[in-house]
Amino acid sequence: MADAAETASSSAPSVQPGAADVAPPAHHGAPSAIQAESTEAVSGSAPMPSAAPAVPQTERERLQDAVRREPRVADHWMALLEDVKDDGIEAVRDVYDRFFTYFPNAASHWIAYAEMELAHSNFGRVDAIFVRCLRTTLSVDLWQFYLQYTRRVNPLPPFTGEDNSPREQTRRVLEEAYEFALKHIGWDRESGMVWHDYLNLIREREARGSWQEGQKMDALRRVFRRAVVIPLNNVESIWREYDAYETALNKLTAKKFLAESSPGYMQARSVLRELKHHTENLARPDLPHLPCWVMQVPGARPPAKERQTLQAWRRYLEWEEKNPLMLEDAVALQSRVLSAYRKAVMYMRFDAVLWYNAASFCQSVHREADALAWYRAGIDACPWSLLLRFGYAELCRAQGRYMDGTASLDDLVVYLQRELDLRLDALHQAQARVDEETAAERRRIQGLRKQLTAEDDEGDAAVELADSERRLHEDADARKGRLAEESGVDIDEWKSCMAQTWIQYMHFVRRAEGIRPTRQVFGRARRSAHCTWPVYEANALLEYHCSKEPVVATKVFELALRTFGTDEQLVVRYLDFLISINDDTNARAVFERTVSSLPPERARSIFARWAEYEYCYGDMSAISRLETRMQDLYPDESKVEAAADRLRFRTLDAVRMRDLGYSRAATRRKERAETPAVDETKAETPPAAQAAPAPSAPPAKSAGGRQTMEDIRKSLVANAEPLKKEDKRASSKEPPAKKAKHTAAEAPRRARTEPTPPPQPSLPEPLLYFLSLLPPAQVFDGPQIPPERILECIMHTSLPTVQLPGYDRKAPRRATAVWYKYPNPHTEHVQSIDVLDRTICPQTGTVRTERLISVEQHTPRWIKRILGVDGATYVREVITFDPHEPAVYLDSTNLSFSQYLLVKEDVAYRPSTAAG
């Protein structure tokens, strides 16, 4: 035990704030993991497996292969840690070190790792763990564990009464540890207990003499004043402690200090409610998981749920950027916002948008170095993100760091090529396994054939074996086709990412160096095995628009046609380009050359594009020849649709709107290749109009065109019930004929099983009367008025009251006057009014409003000097309105000078019972 204690005390300084702050971050709030990152981490590419890894044999090998292939899937690491926990501490350390490469902010696992080392009294390794994780992991639990460890390795020696005694030195170390912790997590609303423990630590400080007592008092006051302006969960209890502390010291000066901190405390308490609203439902998983659109893993949530979770974090961070605490110090605001981003990426590490928003925020406050650091850390977490790569490259270009930008894009190209190669290799391996299984089955069939005798060779057995071999080949081809189809979507998505990367790479180089280096990038892209035709199109347009070379652009398009064959989408883009430069000769030649080599169903989009050109700029003979040709190829298409296409110009399509009855949205013509042939008799109604339900008949109107109250009530019921009945019929799997066979005895049972219908919608009688006075919406042809303006007008309209027996009609007017009595020019002493809380009881309808009134009155100077008053004083006012009486209750209490004189004012405004 003595050796362990000696080891703890000797290793303790390495985890103290002084030692950990030897290399503080260059900018407060930036992710400090970036400060020590290597060139490998900056590139963002994690170690990837080889193209054809060996097939794992044991469970350990299978898990090792899984974490090597998919290192960002947490389930693989958890299973591997569980598997190696019995193999000794070295094996667990090796897995933890690799695990934290991809999950550097897993707070619970850092704590588990440190606890494992503490169980073996490896205090030096615990110090190294804290150095690795504390700055980057803003988890209150992890920092509390660090503070507990610091107290454990730095126990307080006995009090000796000497100056600079070991007890004082140890206490300073502990206070520095708390300051170090609060610097990183003190802004968090869940750090209230850390603030409370720090206050208790200062309270326990021994003070000898008035000077040390004053130092202790000032230190405690500074911590109190820092804590009460932060929206902590226990900010109200800390404020009460601060109030009691100042009052116990000096009642004369207490109000001065409390009045100085009161506005900040009120703001923090008000912001706390909004903060809880934004953060209570945020997802805080133990380990971050990949979004389902990045990788499909078992148990993944649907995309809609995933986007909803990420959007909640983004809304909270946008709220933090709006400065709800009204911080005047720009550095403090930036520190709080960036700390919020660091906590967000701790839970949603693989959301590239959070990293991008953090970098954008740094750019908006002119912290470009921090923006680069956020981009690099985001690329390390999400190497697949084109958003982060392109944003980082553009920022590097703006700062003159051209080589860093090109290095990032080169690394992205390598990453995408590796991912594509892995997927293509997996497809080839799966198809090769199908070929191996087919070959083995073929060998078996051939062995059976050799066993047949001469007589059997001409009989049914030989025919059956031949049929089996033929079916075997057909089945193998079908299986390989299904494999290619299943993986084709994923491979096409990665190829589109590769194409966009090459295109943005060319744009980046063109903006930085000009068109000549851009051609070199295009040459690299052409040599890539995964290059697609959009890269050629982008380069051709760059040549035309930037170097004014239409001949070079045309040659690039021709090269694309030779490389990728007659792809109909490429042909349409090529025709668009030739038509835009008014090269109709080459355009006609390209059209004739391509449509003759394509089947009619694939050439439909090319015909549609050329027909659009001919209809606008061709002569009648060319149009007639083209229409005859299209009628021969597509005899089932409607003549009316062809006529509408001929008369259409870009987005102007009055024929379909006026003659065919299509809606304006339906006139947006789709590609003919995606639209099946439409019969002429059916062409007059678009599919959307055929599927749409017929509008219900408007409710009956009374004389004058207005609806009666009974009509409105019936229309509400009619619009609510039939929809539910139709839904029940649509969801039922039984045909209507079977429902008629139910006997009367089964009716009670069905009544019990069927859900109870919801109550019919109803409106209050005054509202129904108001609606009955309005004309129907169908007859309104005036200007559109925003509903918000109407509601605002209604809210600020003074309605006449009805004189009832025994009721004072001036009572509501008095209540309104009480409600809006401040501010007004006759009460200049009222400086401001802040609403602290407003609630409405759902059962009784009672409205309760709590307000803070700032009053500045003339006070003699000698009273100000005695009481320590400086300017404004504060009054707390609670207004309660009971609509059932009706009555308004007003309770006012002074906050200032309450220790000397407490004034309570209770006022009740009720209707007068006197007549007249």
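Taking LEU409, is it farther than 26 Å from ILE491 by Cβ and either in contact (Cβ under 8 Å) with a residue 24 or more places away in the chain or not in a helix (DSSP H, G or I) (or both)? Here the answer is no, as LEU409 does not meet what is asked. Within region 520-537, the set of residues being crowded, with 18+ Cβ neighbours inside 10 Å and in a helix (DSSP H, G or I) comprises VAL521, PHE522, ALA525, TRP533, PRO534, VAL535, TYR536, GLU537. Within region 552-570, is there a residue that is in a helix (DSSP H, G or I) and under 19 Å from ASP645 (Cβ atoms)? Within region 552-570 (the criterion being in a helix (DSSP H, G or I) and under 19 Å from ASP645 (Cβ atoms)), the answer is yes, since at least one residue qualifies. Summed over region 397-456, residues that are surrounded by fewer than 16 Cβ atoms within 10 Å (Cβ to Cβ), closer than 30 Å to TRP384 by Cα and of a type in the set (Val, Ile, Thr) total 1. Of VAL595, VAL571, VAL556, all but one fail to be in contact (Cβ under 8 Å) with a residue 12 or more places away in the chain, crowded, with 18+ Cβ neighbours inside 10 Å and over 15 Å from TYR536 (Cα atoms); the exception is VAL595.
Quick one: is ARG172 surrounded by fewer than 20 Cβ atoms within 10 Å (Cβ to Cβ), modelled with pLDDT under 95 and farther than 30 Å from GLU246 by Cα?
no
Residues in region 519-539 that are over 20 Å from GLN569 (Cβ atoms) and either in contact with a His (Cβ under 8 Å, 6 or more places away or on another chain) or among the basic types (Lys, Arg) (or both): ARG519, ARG524, ARG527. Any residue at all in region 319-327 that's crowded, with 19+ Cβ neighbours inside 10 Å and in contact (Cβ under 8 Å) with a residue 60 or more places away in the chain? So far as region 319-327 goes, yes, one or more of its residues are crowded, with 19+ Cβ neighbours inside 10 Å and in contact (Cβ under 8 Å) with a residue 60 or more places away in the chain.
Pairing residues of region 883-908 that are within 20 Å of LYS251 (Cβ to Cβ) with residues that are in a loop (DSSP other than H, G, I, E, B), at Cβ distances under 7 Å and at least 6 apart in sequence or on separate chains, gives ASN894/LEU902; ASN894/VAL903. Within region 392-415, not a single residue is among the aliphatic types (A, V, I, L, M), more than 30 Å from MET506 (Cα to Cα) and out of contact with any helix residue (DSSP H, G or I) (no Cβ under 6 Å at 6 or more places or on another chain).
Scanning for something among the small types (Gly, Ala, Ser) and surrounded by fewer than 15 Cβ atoms within 10 Å (Cβ to Cβ), does region 538-553 turn up at least one residue? Within region 538-553, not a single residue is among the small types (Gly, Ala, Ser) and surrounded by fewer than 15 Cβ atoms within 10 Å (Cβ to Cβ).
The values are calculated or read from the model by the stated rules, or taken from the named source; none is laboratory data. Quick caveat, the model's predicted, so the values are computed rather than measured. Please note: Cβ atoms are built from the backbone with ideal geometry, for glycine as well, and neighbour counts cover all protein chains shown.
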